[in-house]
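Throughout, read-outs are computed from the coordinates displayed, never taken from laboratory work. Note that the structure is a prediction, hence the values are computed from the model and not measured. Please note: Cβ atoms are built from the backbone with ideal geometry, for glycine as well, and neighbour counts cover all protein chains shown.
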Amino acid sequence: MTVAQFLECWLKDYAWANLAPRTAEGYEYIIRRHVIPELGNTILTQLKPDHIQRYYSKKLNSGRYDGSGGLSSCSVRHHHMVLHRAFESAMNWGFLGRNPADAVSPPRRQKSEMRTWNEDDIQRFLNIARDKPYYALFYLALFTGMRRSELLALRWCDVDFVLSQVSVTRTVHHVKNRGLIFRQPKTEKGRRTIALSPSATLMLKEHRNEQVAGRILLGEPLADDDLVFSQLDGKLLLPNTITHAWLN
């Protein structure tokens, strides 16, 4: 069995079966775009730590001489995590006696300073976004810290206007060639209740009233299990659409 054959098997039988869709999609991209072209033809049992170490070095330095630049140390560390996890499964499945990634040193993490918004930045953004279609979604994201996947999966039955809180019970992901996938949060910590500020509660009430009015025009009443953030007809918003709107 070659490294490529094993990794394809691991993606199908482990990654897509056990991991969150976006995680599995990320693993698949790394393996097919980077790992298999470099290490795929190597016999799995003949893969040595130095093969992997040279792979990391090549990825860091690729494009060094033509100015295009290689991968960041953070990206290569992620490759290391994927390979270590895959070869750990190879050990558990009896294909390898030891994990070759154990003896490999990934590049050191490069620390970067994180810039956060202050109150003026937030207010400036909201003023610009006020007349945009996703204003309510952006507002809730800023004042709750909810992820994009959580916001797009939120239903009106998850919103408690009496106690001013929302319950995060599921996420939605758009996966290439697999469509939209709903699932529960990966951990119990992910399933949580978030308190809403008075302004966020008022904003959601106004957003709901607008949705109710829009549905009346379409002749379709708003139901409790309808999405809080959706297209006019109630269909799910594509995640990348939200990201593009945020960046623009």
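Here are some notes:
- Whether segment 104-248 is rounded, prolate or oblate, judged on the alpha carbon gyration tensor where a/c under 1.5 counts as rounded: prolate
- The overall shape of segment 102-178, judged from the alpha-carbon gyration tensor, is oblate: a/c is not under 1.5, and a/b is no greater than b/c.
- Residue 46-residue 13 pseudo-label distance in nm [points 7 Å out on the Cα-to-Cβ vector]: 2.3 nm
- Additional length obtainable on full extension of the chain from residue 157 to residue 54, 0.36 nm per residue less Cα span: 31.8 nm
- Percentage of interatomic Cα-Cα distances in the chain larger than 29 Å: 47 percent
- Dimensionless Rg ratio for segment 3-103, taking C-alpha atoms and the 2.2 N^0.38 Å reference: 1.06
- Extension gain from residue 217 to residue 22, taking 0.36 nm per residue of separation minus the Cα-Cα distance: 66.6 nm
- Tilt relative to the chain, helix 21-30 - C-alpha long axis, 0 to 90 degrees, to 10: 40 degrees
- Principal-axis analysis of the Cα atoms of the chain puts helix 135-144 at an angle of about 70° to the longest axis.
- Based on Cα contacts under 8 Å between residues 6+ apart, the chain shows a relative contact order of 15 percent.
- In this calculation the C-beta distance from residue 195 to residue 147 is compared with R0 = 22 Å, giving a FRET efficiency of 0.80.
- Each of 210, 25, 8 was scored by other Cβ atoms within 10 Å of its Cβ. Arranged with the fewest first, they read 210, 8, 25.
- In terms of overall dimensions, the C-alpha atoms belonging to segment 80-139 reach 60, 27, 12 Å along their principal axes, ordered largest to smallest.
- Extension reserve of the residue 32-residue 187 stretch, reckoned as 0.36 nm per residue once the Cα distance is removed: 53.0 nm
- Förster radius 45 Å - calculated FRET efficiency between residue 132 and residue 95 (Cβ-Cβ, nearest 0.05): 0.30
- Pairs with C-alpha atoms separated by more than 28 Å, drawn from the list 132/186; 48/186; 58/111; 132/235; 12/186, are 132/186; 48/186.
- Using Cβ point charges alone (K and R +1, D and E -1), the dipole size of segment 1-118 about the Cα centre works out to roughly 400 debye.
- Within the listed set 119, 206, 220, the residue fluctuating most in the Gaussian network model of the chain (springs between alpha-carbon atoms under 10 angstrom) is 119.
- Mean-position separation - Cα centroids, segment 194-236 and segment 24-54, in angstrom: 47 Å
- Residue 122/residue 178 FRET efficiency (R0 41 Å; Cβ-Cβ; nearest 0.05): 0.70
- Label-point separation in nm, residue 113 to residue 74, each point 7 Å along Cα→Cβ: 1.6 nm
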